[in-house]
1. Which value in nm describes the separation of the simple spin-label points at residue 52 and residue 20, placed 7 Å from the Cα toward the beta carbon?
2. So which aspartates and glutamates pass the test for residue 10, namely a Cα distance under 18 Å, with those fewer than 8 places away in the same chain ruled out?
3. Would you work out if the stretch 17-166 is rounded, prolate or oblate? Take a ≥ b ≥ c from the square roots of the eigenvalues of the alpha-carbon gyration tensor; rounded if a/c is under 1.5, else prolate when a/b is larger than b/c, oblate otherwise.
4. For residue 214 and residue 374, what does the FRET efficiency come to when R0 = 35 Å and r is the distance between their Cβ atoms, rounded to the nearest 0.05?
5. Restrict the search to the stretch 233-283; then list the trypsin sites (Lys or Arg not before Pro) that DSSP places in a loop and that have at most 16 other Cβ atoms within 10 Å of their Cβ.
6. Using the Cα centre of the stretch 17-166 as the reference point, and only Cβ charges (+1 on K/R, -1 on D/E), how large is the resulting charge dipole? Debye, rounded to the nearest 20.
7. Debye sum, Cα scatterers, the stretch 60-104, no solvent: what log₁₀ I/I(0) at q = 0.18, 0.24, 0.28, 0.30 1/Å?
Amino acid sequence: MLSQLIRRLKPNLGPVSHAEQLRAAAGALAGILATALVTRLVLGPGTEVPLLVAPMGASAVLLFAAPSSPLAQPWSVVGGNVSAALVGITCRMWIADPFLAASAAVGLAIALMFALRCLHPPGGAVAIVTALTAPSVPELGYAFALAPVGLNSLVLLAAAVAYNNLTGRPYPHRRLADAQARPGLSNPPPSERVGFTLDDLDAVLRRHDEIIDVDRDDLAAILHETEFRAYRRRAGALTCADIMSRKVASVTPEDTLQDAWRLLKAHRIKALPVTDGRGHLQGIVTQNDFLDMVGSGLGAPALGKARRLEQGIFRGFSSRILVDAIMTRPARAARLDTTIAELVPLMADAGVHHLPVVDEDGRLAGIITQSDLVAALFFGGVEAGAAGQAA
């Protein structure tokens, strides 16, 4: 019974490597030491003002052990600590009872940090420290919020920026680019339409109505990656080698566009991988590349693209131009052991219709079309469903 209670009280932080634990601890050590040394250099060793305020230790935990937390971002650290200090000093000046002053300071500091969008848990400790007062606070008044509190916060923040980035933890934390939203139409990428959407996530977060110490976009990315991993596990080990077309028509950069177009027509395909003399993939040439080169001005606009291309090429306008002039390079490519689950975001979201497959030496081994992928997903889903029913 007691062991169950203890387990229930222990938080589940998830798997964190010993290397990451050591990185965070070393960063906090360096950050606090740098903060103390720089503050002493600025204020002088003989000052009566404390060179370090205790809540900086709590800020260091967030900055170095959880740098991606919304509560550990620059505005949260500086804005939270300084605003809490101002509240604490004000309560100290206006409320005679120190315990009542400290209690009011914490409550008001939290409300102010919410309003300023700089919620920072150590700010609550800053409010108590300034409300209960050190001997120097009455003389300094509101200047105490600037030094040592503001100065400590800025130096510790600078140390966190340098240390985290040097040790592979981008800081300030980079949110998912809003540029992912498409101009005009704001439809999500195809691979995201079959799972949850950000609207779904926002609805659940609103229902829970509490602070989640993870950036909302990061949470969405983690959940999408989890969905992808689960799908890959369910889909089994089906790879590009299993579904690709192995007999592939290709051209070299030195072939003419007329030769390439004849191959496209003869095989009734829409793309040709481009390889060098040893079969290494150099790029890809598609019907769209031809259209971009020929331009819509050749032939009447009412003509279909095939007729427009034929008129442009066989009039002699571009028959002698080499494939090298219009091919897309470098071509996106998959490897033989790439799973079909990994192909979905590449082909669906990036709009890739034809994907060359290369071996470990970079030589062309085959090609996959969206039709190949759809068939693999369909039959893989049917087999998975049958296996689930049998189980």
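Throughout, read-outs are computed from the coordinates displayed, never taken from laboratory work. Values in this document were obtained by computation on a predicted structure and should not be read as measured data. So basically every Cβ, Gly included, is an ideal-geometry build from the backbone, and we count neighbours across all protein chains shown.
1. 2.6
2. Reachable aspartates and glutamates: 213.
3. Numbers: a/c = 2.32, a/b = 1.43, b/c = 1.62.
Cα axes put the stretch 17-166 in the oblate bin.
4. Values: r = 35 Å, r/R0 = 0.99.
It comes to 0.50.
5. On the way: sites: 233, 234, 246, 247, 262, 265, 268, 270, 278; in loops: 246, 247, 268, 270, 278.
Here the trypsin sites (Lys or Arg not before Pro) that fit, given the DSSP loop and packing criteria, are 246, 247, 268, 270, 278.
6. Working: 4 positive and 4 negative charges, 43 e Å.
About 200 debye.
7. The calculated log intensity ratios at q = 0.18, 0.24, 0.28, 0.30 Å⁻¹ are -0.61, -0.75, -0.86, -0.93.
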